[in-house]
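See structure below.
Every read-out reported here was derived from the displayed coordinates using simple, explicitly stated rules and does not represent laboratory data. Just so it is clear, the structure is predicted and the values come from calculations on it, not from any experiment. Reconstructed Cβ throughout: ideal geometry from the backbone, glycine too, with neighbour counts over all protein chains shown.
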Amino acid sequence: MSQESEFETIEGIRYRKPSVVLLAESGIGVSEVAARTCYDSFCSSENEVVQSLEDELPTEEALRELSAIDDSKLLDDLAWTYFHHSILEHTNLSYLIRGTSRGVLQEHARHRLQAISVRSTRYTMSSVINAYVASLEDVEPQEFFFRKVNGFDMLVTAEEAYNRIEIETMFNKLEFQRKRLDDFFLKAVAKSSLPLLDEFQANSEALFEALQSGKKKRNVGDAFKHIVTDNWKVDMVVTFNLRSLKNYFSLRDSGAAYFQIRWLARAMKAATPKKYLKLIVKED
């Protein structure tokens, strides 16, 4: 299941919502086995494959059946009657998230029990720096930079007038730094691409295309990460155990949560199969 990107206007500014897909799920079977181990009650399970584990280790076929379990009365009782939530930590879900913001990333990182891998600005912002370097050969550098960066669709805000403010601020920060650093271009451009700066003087479009086609300076963000705003789009993969996901949904799918992370929590919830949600989310 996935949540397709859509738009919403908040306080006069139009935003693009994130997209989410569930990449992998471990199933609830492992959590039931964990619970049955605690109580030595394998024979009481309604799932035959769990019953079979009372006296023997699982075969490969049994492991597949275990992963396919959709329901467990014991887990339901432990989750909602006895609040024995530690057994939910044995179930894991991994999500691919596209198009949330760095502002959300700051909020997301406060949830301790998760694995999170995020698109690196350090290694993936060379196109922005290439646009700036090429803009210096244009009669209207700031406009050239805006046109290129706006075309990258890299901000969650979807208002061109607002994004112009953001992008022009990036330009001004880079201008400030260029005037301060004698080795600016060594930091901004891969060594093998430096001759292009002389080859394409006064031809911003050709220089930009040549820089884009040349070797990327992969760690360009080391010098320029300060230009990034909270509206910069972030892609990430996150893995939660079911207990932590319960905490995440209860806090972030709430009217008190920051609206962008609330959108993300709801998109993740929409991508989560019902067999997990019924153990961690109270039905209305």
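Of the residues Phe224, Phe184, Phe200, Phe176, which single one is more than 28 Å from Gly99 (Cβ to Cβ), aromatic (Phe, Trp, Tyr) and touching a Leu at 6+ places or on another chain (Cβ under 8 Å)?
Details: Phe224 fails: more than 28 Å from Gly99 (Cβ to Cβ); Phe184 fails: touching a Leu at 6+ places or on another chain (Cβ under 8 Å); Phe176 fails: touching a Leu at 6+ places or on another chain (Cβ under 8 Å).
Matching residue, one of Phe224, Phe184, Phe200, Phe176: Phe200.
Tally up the residues in the range 237-284 that are in a helix (DSSP H, G or I) and among the polar types (S, T, N, Q), please.
Quick first cut of the range 237-284, residues in a helix (DSSP H, G or I) only: 242-252, 259-270, 274-280.
Next, from what is left, pick out any that are among the polar types (S, T, N, Q): 244, 247, 250, 260.
Counting residues in the range 237-284 that are in a helix (DSSP H, G or I) and among the polar types (S, T, N, Q) gives 4.
Given the structure, is Ser117 polar (S, T, N, Q) and surrounded by 14 or more Cβ atoms within 10 Å (Cβ to Cβ)? Before the answer, list the steps.
Working: polar (S, T, N, Q): yes; surrounded by 14 or more Cβ atoms within 10 Å (Cβ to Cβ): no.
The answer is no for Ser117.
Take Glu143 and decide whether it is surrounded by fewer than 15 Cβ atoms within 10 Å (Cβ to Cβ), in contact (Cβ under 8 Å) with a residue 60 or more places away in the chain and part of a helix (DSSP H, G or I). Let's see the steps before the verdict.
On the way: surrounded by fewer than 15 Cβ atoms within 10 Å (Cβ to Cβ): yes; in contact (Cβ under 8 Å) with a residue 60 or more places away in the chain: no; part of a helix (DSSP H, G or I): yes.
Spelling it out, it is not the case that Glu143 is surrounded by fewer than 15 Cβ atoms within 10 Å (Cβ to Cβ), in contact (Cβ under 8 Å) with a residue 60 or more places away in the chain and part of a helix (DSSP H, G or I).
Can you spot a residue in the range 250-263 that is under 16 Å from Ser94 (Cα atoms) and buried (at least 19 other Cβ atoms within 10 Å of the Cβ)?
Step one: list which residues in the range 250-263 are under 16 Å from Ser94 (Cα atoms), which gives none.
Taking every residue of the range 250-263 in turn, none turns out to be under 16 Å from Ser94 (Cα atoms) and buried (at least 19 other Cβ atoms within 10 Å of the Cβ).
Which residues, taken from the range 22-61, are outside any loop (DSSP other than H, G, I, E, B), among the small types (Gly, Ala, Ser) and surrounded by 13 or more Cβ atoms within 10 Å (Cβ to Cβ)?
Correct list: Gly29, Ser31, Ala34, Ala35, Ser44, Ser52.
Does Ile167 satisfy the condition of being aliphatic (A, V, I, L, M) and in a helix (DSSP H, G or I)?
On the way: aliphatic (A, V, I, L, M): yes; in a helix (DSSP H, G or I): yes.
Yes.
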